[in-house]
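Note sheet for the following structure.
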Amino acid sequence: MEGDLICTKLRGTRYHACASPGYLESTSPIRKPKDLINHQVLQFDLPGYRSNWLFRDAKGRMTEVSVRGHFTTTNAVALRDATRDGLGVSLLANWLVGDYTAAGRPLNLFTKHRAAATDFETAAWIIYPRKRFMPARVRATIDFLTSNLRV
């Protein structure tokens, strides 16, 4: 039916509590999620993302941690860069830190936990109208995103 939407999941998102080696060397140890209460947290400016982070261990046990900090941004790249530069701990998406964690900066603090700000089941989607005649540039964009980002 003309006017319907097509929704395609491009990739799931997993979050990691991350910090730089420099930050970790200059502060008290962070061994478990609750330790974040005593640390500077770099925050993304979305409701729920700023004040509480969720952690789930391999057995499914949930921990909710109240976090606070002096740095808030609306830019995910700025959040990653501030983390890399040692300003504190942040919750970063896997697609944002893949290359950095492979090189050792920033470090995923809790490799045995899943982390989230609001929901563990987040993803990037492409949603577009079902049309009989799709403009070529829109079709090219859809094809590019689905072939390069879809997992």
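Nothing in this text is a laboratory measurement; each read-out follows from the coordinates by a stated rule. All figures in this text were calculated on a predicted structure; none of them were measured in a lab. Neighbour counts run over all protein chains shown; Cβ positions are idealised from the backbone, glycine included.
Listed values, structure above:
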{"item": "Cα-projected label distance for L149 with T118, points at 7 Å along beta-carbon direction, nm", "result": "1.8 nm"}
{"item": "Potential lengthening between F133 and D35 on full extension [0.36 nm per residue; Cα-Cα distance subtracted]", "result": "29.8 nm"}
{"item": "The chain - charge dipole about Cα centre, Lys and Arg +1 at Cβ, Asp and Glu -1, debye rounded to 20", "result": "400 debye"}
{"item": "Sorted by Cβ density within 10 Å, fewest first, the residues F133, F44", "result": "F133, F44"}
{"item": "Partner aspartates and glutamates for K131 [C-alpha distance under 17 Å; skip if fewer than 8 residues away on the same chain]", "result": "E2, D4, D143"}
{"item": "Environment charge of Q43, counting only residues whose C-beta is closer than 10 Å and scoring Lys/Arg +1, Asp/Glu -1", "result": "+1"}
{"item": "Residues whose placed amide H lies under 5 Å from that of G88, excluding near-sequence neighbours", "result": "S20"}
{"item": "Cut-off 15 Å between beta-carbons: net charge of the residues surrounding K59, Lys and Arg +1, Asp and Glu -1", "result": "+4"}
{"item": "Cα-based shape type of the chain, given that a ≥ b ≥ c are square roots of the gyration tensor eigenvalues and the cut on a/c is 1.5", "result": "prolate"}
{"item": "Eligible lysines near K59 by straight Cα distance, threshold 19 Å, same-chain separation 8 or greater", "result": "K32, K34, K112"}
{"item": "Local net charge near A93, Cβ-Cβ under 12 Å (Lys/Arg +1, Asp/Glu -1)", "result": "+3"}
{"item": "Spatial separation of Cα centroids for region 28-56 and region 65-91, in angstrom", "result": "10 Å"}
{"item": "Sequence-separation-based contact order of region 1-140, relative, with Cα cut under 8 Å and 6+ spacing, percent", "result": "43 percent"}
{"item": "T72 paired with T27, simple spin-label distance in nm, labels 7 Å along Cα-to-beta-carbon", "result": "1.8 nm"}
{"item": "Computed FRET value (nearest 0.05) for S51 with T141, which takes r as the C-beta separation and R₀ as 41 Å", "result": "0.70"}
{"item": "Helix 136-149 axis, angle to the chain major axis (alpha carbon atoms, nearest 10°)", "result": "40 degrees"}
